[in-house]
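Heads up, the thing below is written out as structure tokens.
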Amino acid sequence: MATEEENVGNARQQLAKLFEVSLRRIVPDEQDVAPVIAASTGKFGDYQCNNAMGLWSKIKGKGSEFRGPPSVGQAIMKNLPDSEIIESCSVAGPGFVNVVLSKKWLAKRIQKMLIDGIEKWAPQLPIKRAVVDFSSPNIAKEMHVGHLRSTIIGDTLARILEFSNVEVLRRNHVGDWGTQFGMLIEFLFEKFPNIEDVNESAIGDLQAFYKASKQRFDDDPAFKERAQRAVVSLQGGEPLYRNAWLKICEISRKEFHKVYERLGVHLEEKGESFYNPYIPGVLKELSDKGLIEESQGARVIFLEGFNIPLIVVKSDGGFNYASTDLAALWYRLNEEKADWIIYVTDVGQQQHFNMFFEAAKRAGWLPTDGALKPKVTHVGFGLVLGEDGKRFRTRSSEVVRLVDLLDEAKDRSKKVLVERGWTEQELNQIAEAVGYGAVKYADLKNNRLTNYTFDFDQMLSDKGNTAVYLLYAHARICSIIRKSGKNIDELKQTGEIVLDHDGERELGLHLLQFSENVEETCTNLLPNVLCEYLYNLSEVFTKKFYSNCQVVGSREETSRLLLCEATAIVMRKCFNLLGIEPVYKI
């Protein structure tokens, strides 16, 4: 467990240590009772210990000295060890212990972060290495709006784990293997008899190339037969076919890279073809363990609780998603030694993941208790909808290309910014930061399990819970510090934070809750928790602190400038975790 010095920012964690001592004192025989600490929403305190009712239900009838939950709450409060963290405590209702944090302790923790860096507020997670499997487009198809959610949700989760000192293997499980490559290769040979002539400019629009090859495959039986033979040649490793496959993959990768670069997303590709050689060995292991059975010509695993089997070899002898995913899981557990493997895909694939996770448990690869390591989690997400409430598409009912969506976000942002007198270079940089940030935040602020409606006007508004509002709020804070004319780095070393005004204290408390919100985001894999924290921080700064506490020219100028700087630092770290570039002036 982290010491106070290792993670000075997590008040909830430090209160839990104090209440742990108290619980051991009053019920030494109940070793399995863990402190239940939550941030308070009422006016009675900053945090609340909610153990009394649950503890009373465990100990009543055992000759206990307590008369009910309120007396348990009183005992918990009275047995707390002395600590500089706590200003005061009180017991309310059925034994809730309300805690008011010390203003001096809050101020000291924030001041220490300003000197030591926000990394000291990173959560301490019981995970050493995680695989985050996200984005995963198909080769020879362009990335579309459907890939947006997986890409930015996965990137945010990876960033939060990395901030929490977890080694993260960011994996792009691209669809680069399968029967569709037969038709693509055969169509490529028709267009370019000399394979060396193939490049991006020669092929042109990949999506159009894919559609044209699919049309030939559906309409021309002779072409279809050649395409099917091409699959066999590719899988047999014939150099001509393998080179054609590599060309197609290379062109796709370059297109994907352009999108990832614009989004600021880093991934390492390990596609279906990478795991293909591992499939036979994995299936043999599962077969030797008696898991695989024959059924209607296919090889399957029957699983309790599911009305269909998990097909691992199709009736034609070919492999499928399940065989590839099982091989990938085996590799991640045995070769990459991951503690936690996270799959970010749409909710429609939930049953597939539930089934192959269950097969892995039956094989003994994963513990049956999901709380133990190694563990696997499917991070599902809903659909992106258009204004008509249906899947987001173009007017001609085509899927929306991701590059077109990003272009429009930048262009719309640029039109709003152009009136502010930027240089062309500044205008482009800020239009990208605001435009791409708006698209990301509009997605991430929603609970990922729900569908959301894509609306440029709403996401690019500078009012309400939008990236634009938050980026502008950050820029205004930077402007306050600049206009003071003070050297903020010097003030960090020589100044002192005081939280005497209610607005100062409320801001200080909210700043200190950064760590536990990041931890909750990570534990539940819900980026909207961090978005909500960021928006609330901005609101507290503006409405509780800045509206009531003059900064520049006041007696408390130094302390309040340091609070401005602490707020800006925490906002920037939130932006960073959400994959959004901050804006420093508007």
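The values are calculated or read from the model by the stated rules, or taken from the named source; none is laboratory data. Note that this is a predicted model, so its numbers are computed, not measured. In this analysis, Cβ positions are derived from the backbone assuming ideal geometry, glycine residues included, and neighbour counts consider all displayed protein chains. Remember, those area values only see protein heavy atoms, side chains included, never the ligands or the DNA or RNA. Shrake-Rupley method; radii C 1.70, N 1.55, O 1.52, S 1.80 Å.
Observations
- Selection from segment 464-485 of residues that are assigned to a loop (DSSP other than H, G, I, E, B) and open to solvent by less than 20 Å² (accessible area, probe 1.4 Å): THR466
- Segment 443-463 - residue that is under 19 Å from GLU387 (Cβ atoms) and open to solvent by less than 30 Å² (accessible area, probe 1.4 Å) and, of those, nearest to the chain's Cα centre (by Cα): ASP443
- Condition met for LYS440 (open to solvent by less than 10 Å² (accessible area, probe 1.4 Å) and either among the basic types (Lys, Arg) or in contact with a Ser or Thr (Cβ under 6 Å, 6 or more places away or on another chain) (or both)): yes
- ASP46 falls short on exactly one of the conditions (1) modelled with pLDDT under 90; (2) surrounded by 17 or more Cβ atoms within 10 Å (Cβ to Cβ), and that condition is (1).
- Matching entry among GLY389, GLY370, GLY421 (being touching a residue at least 24 places away in the same chain (Cβ under 8 Å) and of a type outside the set (A, V, I, L, M)): GLY389
- Residue count for segment 556-586 satisfying the condition of being modelled with pLDDT under 95 and open to solvent by 10 Å² or more (accessible area, probe 1.4 Å): 3.
- Against the list (1) more than 19 Å from CYS574 (Cβ to Cβ); (2) at pLDDT 95 or above; (3) buried (at least 19 other Cβ atoms within 10 Å of the Cβ); (4) not small (Gly, Ala, Ser), the condition ILE488 fails is (3).
- Cβ-Cβ contacts under 8 Å between residues 6 or more apart (or on different chains), taken from a first residue in segment 505-523 that is open to solvent by 30 Å² or more (accessible area, probe 1.4 Å) to a second residue that is among the small types (Gly, Ala, Ser), are listed as GLU519/SER164.
- Single residue of segment 526-545 satisfying the filter (under 19 Å from ARG12 (Cα atoms) and buried (at least 22 other Cβ atoms within 10 Å of the Cβ)) that is nearest to the chain's Cα centre (by Cα): LEU530
- Residue check for GLN124: open to solvent by 10 Å² or more (accessible area, probe 1.4 Å), touching a Leu at 6+ places or on another chain (Cβ under 9 Å) and in contact (Cβ under 8 Å) with a residue 40 or more places away in the chain: no
- For first residues located in segment 139-167 and without any contact (Cβ under 8 Å) to a residue 12 or more places away in the chain, partners that are of a type outside the set (Asp, Glu) and lie 6+ apart or on another chain with Cβ distances below 6 Å form the pairs GLU162/VAL168.
- The residues on offer are MET183, MET143, and the sole one that is on the phi < 0 side of the Ramachandran plot and at pLDDT below 90 is MET143.
- Inside segment 333-384, residues that are among the charged types (D, E, K, R), assigned to a loop (DSSP other than H, G, I, E, B) and more than 19 Å from the chain's Cα centre (by Cα) make up a count of 5.
- So TRP340, is it more than 17 Å from ARG362 (Cα to Cα), surrounded by 13 or more Cβ atoms within 10 Å (Cβ to Cβ), aromatic (Phe, Trp, Tyr) and touching a residue at least 40 places away in the same chain (Cβ under 8 Å): yes
- Counting the residues of segment 49-82 that are within 29 Å of PHE514 (Cβ to Cβ) and open to solvent by 80 Å² or more (accessible area, probe 1.4 Å) gives 1.
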